[in-house]
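Only one structure is covered here, and it is reproduced in the block below.
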Amino acid sequence: MAYDALSLSVLVKEFKDTLTGGKITKIYQPEKDEIVLFVFNKQTYKLLISANAGVNRAHITNASFDNPKTAPTFCMLLRKHITNAQITDINQMPFERVIEFSLSVSDELGYKKDMRLIFELTGKTSNIILTNGDYTVLDSIKHLPQDLDSKRIIMAGAKYNFFLPQEKIPPFDYSRIQLFLAKCSTPLRKTLPETLLGVSQSTVNEIMRGLDENDHTALNNAQIIERLKNYEKNILSPRPNVVLKNGAPIDVNPFDYNSVKGDKVFYESLNEAHDNYYYLLDKAQRFLSKAKSVSTIVKNAVSRTEKKLAIQRQSILEAQTRETYKQYGDLILSNLWQAKGDKLTCYNYYDGKDVTIDLDKSLTPQQNAQAYYKKYRKLKSSAEHNDKLVEENQKLLDYLLTIKDSLRYCNENDDLELIKEELTSLGLIKEKQQKKKTETPVKPLKYDINGYSVFVGKNNAQNNYVTFKMSKPEDIWLHTQKIHSSHVLIINGKKEEVPFEVIEKAAEICAYYSQASDGTKIPVDYTAKINVKKPPKSPLGYVIYNTYQTVLVNPNRHITELA
């Protein structure tokens, strides 16, 4: 994530344009290291400032926050000193992740006084500090260990000092950067973040995109300078965006980074992009937490079923020796006159060779023969029983694997609820005794391919809905050959032959939403929906078809997905 001093400069500019002149009307501290300032400036804005070590950030937000019944000490201090304060200016320490909010507030006697609220976005040591107009610290949201020999002491009564200047080159001081590049002999992708002031690794990755980091020729160096100039130009005219992968946010950037791959959603401001990024991130993390428990249930069910199958198949293998026991019984009855002691050696007329049969001396020859017949009948019964169990459990395993595969593309609560309903019907999740809830909506993915609507089921419930509820006989149905995949349906509203290029793109989507999504040249079957049948009592999403054609495609998500 490009949350460096350069990206922060875009946010600070937006803060200045939006919040300067505004009045702080309310202050919340919803978390121990996070505050929310309600700022009225023609309308009310909520400014979130978080010193959390994992997600330290500052941006205007639309999120709702709980106001703790008992305000923390730092919140009480802020309310005492800066409630009704006017924001007179907002500045960033040059090329550092430090924001200073200059405030003006009237005291009890009506006299104006200046205050400073300083936010340091420095990872684990991030902090929010309140000082008076002379930069004397009143308190901070975090009380970090202090080195008394240090020139920067953050504690009540101490003088606040900004960070000491770093011995680095400003990122847009091109003459100094040219001199550095001319002397540099180390890999630039690693060296530039350590050399340029306020620049993150992701920013360097964007600057170095497509360039050889070990190339120190004048031509390569000139390209780096040109990239830095373009970066400065783009920062002045930002196109903020959030990058998504499979619906989950992975990055937020001030403009379109070509080095970052994924689906990009653009916003009017970087504040809005950050707000949506953290909202989606929180939503994704909450969803992953729910999905993890469901995934564990499916994983355990698959493991148990596989173990059962292994035991049952082993029993079937062992039962293959049952004919030998029947033969032993027959041979004992054919040779009663010599069946004495604990062994019987006789001619085996089944294979034409002599055989030695173990006998129980405590039993008569007839009883020994019956004992072997009993073993034969037991193994025969076991084989027949286990044959049925193997067939049932293999179907169950195949069904569980389709559910497991569905979880890979499950990114909404409704999708997860449909999967939980399947697991409940299998008895893997206990059904809660409560009032009947509204049915979970079935929302398959929808694409528009050259004017044809294409629907994709992301789980067995959606597959069943797409195949049997949405379809008409003339529609085209697709599925990967012999492996689990989503059911894909091309709506043939024109009732004419669907163009092959539409079928091919739909097949690419089908291959993407399959077990073979990482492969190439995936065979995808397609046929008219009228040829697709569901056997009686078969599990959800299970179908058969005999008439079809096959196309080989590479998986492609085709991000022209419709809402």
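The values are calculated or read from the model by the stated rules, or taken from the named source; none is laboratory data. Here the structure is a predicted model, which means the values were calculated and not measured. Every residue, glycine among them, receives a Cβ derived from its backbone with ideal geometry; neighbour counts consider all protein chains shown. Keep in mind that these areas ignore ligands, DNA and RNA; they rest on the heavy atoms of the full protein, side chains included. Shrake-Rupley method; radii C 1.70, N 1.55, O 1.52, S 1.80 Å.
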Check your understanding: Is it the case that some residue within segment 486-506 is under 31 Å from the mean Cα position of the chain (by Cα), over 22 Å from residue 469 (Cβ atoms), among the small types (Gly, Ala, Ser) and not in a loop (DSSP other than H, G, I, E, B)?
Key -> no
Practice item. Considering every residue within segment 382-395, establish whether at least one is in a helix (DSSP H, G or I), farther than 30 Å from residue 245 by Cα, open to solvent by 90 Å² or more (accessible area, probe 1.4 Å) and touching a Phe, Trp or Tyr at 6+ places or on another chain (Cβ under 6 Å). Key: no
Check your understanding: Given the structure, is residue 194 part of a helix (DSSP H, G or I), closer than 23 Å to residue 234 by Cα and open to solvent by less than 20 Å² (accessible area, probe 1.4 Å)?
Key -> no
Review point. Picking from 340, 307, which residue would you name as being under 30 Å from residue 514 (Cα atoms) and free of Cβ contacts under 8 Å to residues at least 40 places away in the same chain?
Key: 307
Practice item. For segment 210-220, indicate whether the set of residues that are among the small types (Gly, Ala, Ser) and surrounded by fewer than 19 Cβ atoms within 10 Å (Cβ to Cβ) is non-empty. Key: yes
Check your understanding: Would segment 486-502 turn up any residue that is modelled with pLDDT of 90 or more, surrounded by 23 or more Cβ atoms within 10 Å (Cβ to Cβ) and of a type outside the set (A, V, I, L, M, F, W, C)?
Key -> yes
**Study point:** Selected residue (criterion: modelled with the highest pLDDT) from residues of segment 531-553 that are open to solvent by 80 Å² or more (accessible area, probe 1.4 Å) and under 29 Å from the mean Cα position of the chain (by Cα)
**Key:** 552
**Study point:** Test result for residue 144, modelled with pLDDT under 95 and more than 39 Å from the chain's Cα centre (by Cα)
**Key:** no
Point to revise | Lone qualifier among 28, 3 - being within 36 Å of the chain's Cα centre (by Cα) and closer than 30 Å to residue 262 by Cα | key: 3
Exercise for review: Would you mind telling me which numbered condition in (1) outside any helix (DSSP H, G or I); (2) open to solvent by 70 Å² or more (accessible area, probe 1.4 Å) residue 363 fails?
Suggested key: (2)
Review point. Exactly one of (1) hydroxyl-bearing (Ser, Thr, Tyr); (2) in a helix (DSSP H, G or I); (3) more than 31 Å from the chain's Cα centre (by Cα) is unmet by residue 406. Its number?
Key: (3)
Point to revise | Positions within segment 514-530 being under 20 Å from residue 462 (Cα atoms) and crowded, with 16+ Cβ neighbours inside 10 Å, in sequence order | key: 514, 515, 516, 517, 524, 525, 526, 527, 528, 529
Review point. Can you tell me which residue in segment 123-138 is farthest from residue 99 (Cα to Cα), limited to those that are buried (at least 18 other Cβ atoms within 10 Å of the Cβ) and in contact with a helix residue (DSSP H, G or I) (Cβ under 9 Å, 6 or more places away or on another chain)?
Key: 138
Revision key, fill the gap. Going through segment 84-122 in order, the residues found to be of a type outside the set (D, E, K, R), within 19 Å of residue 35 (Cα to Cα) and open to solvent by 70 Å² or more (accessible area, probe 1.4 Å) are 84, 86
**Study point:** Failed condition for residue 470, given (1) over 14 Å from residue 406 (Cα atoms); (2) of a type in the set (A, V, I, L, M); (3) open to solvent by less than 30 Å² (accessible area, probe 1.4 Å)
**Key:** (3)
**Study point:** Options 452, 465; residue that is open to solvent by 60 Å² or more (accessible area, probe 1.4 Å) and either free of Cβ contacts under 8 Å to residues at least 24 places away in the same chain or more than 26 Å from the chain's Cα centre (by Cα) (or both)
**Key:** 465
Point to revise | Of all residues in segment 296-350 being open to solvent by 60 Å² or more (accessible area, probe 1.4 Å) and assigned to a loop (DSSP other than H, G, I, E, B), the one that is nearest to residue 401 (Cα to Cα) | key: 320
Review point. Which number in (1) surrounded by 14 or more Cβ atoms within 10 Å (Cβ to Cβ); (2) assigned to a loop (DSSP other than H, G, I, E, B) marks the one condition that residue 145 misses?
Key: (1)
Review point. Checking residue 248 against (1) aliphatic (A, V, I, L, M); (2) in contact (Cβ under 8 Å) with a residue 40 or more places away in the chain; (3) surrounded by 18 or more Cβ atoms within 10 Å (Cβ to Cβ); (4) over 27 Å from residue 171 (Cα atoms), which test does it fail?
Key: (3)
Review point. With 395, 361 as the choices, which residue is of a type outside the set (A, V, I, L, M), touching a residue at least 40 places away in the same chain (Cβ under 8 Å) and on the phi < 0 side of the Ramachandran plot?
Key: 395
Check your understanding: Restricting attention to segment 257-274, and to residues there that are within 18 Å of residue 246 (Cα to Cα) and charged (D, E, K, R), which single residue is surrounded by the fewest Cβ atoms within 10 Å (Cβ to Cβ)?
Key -> 261
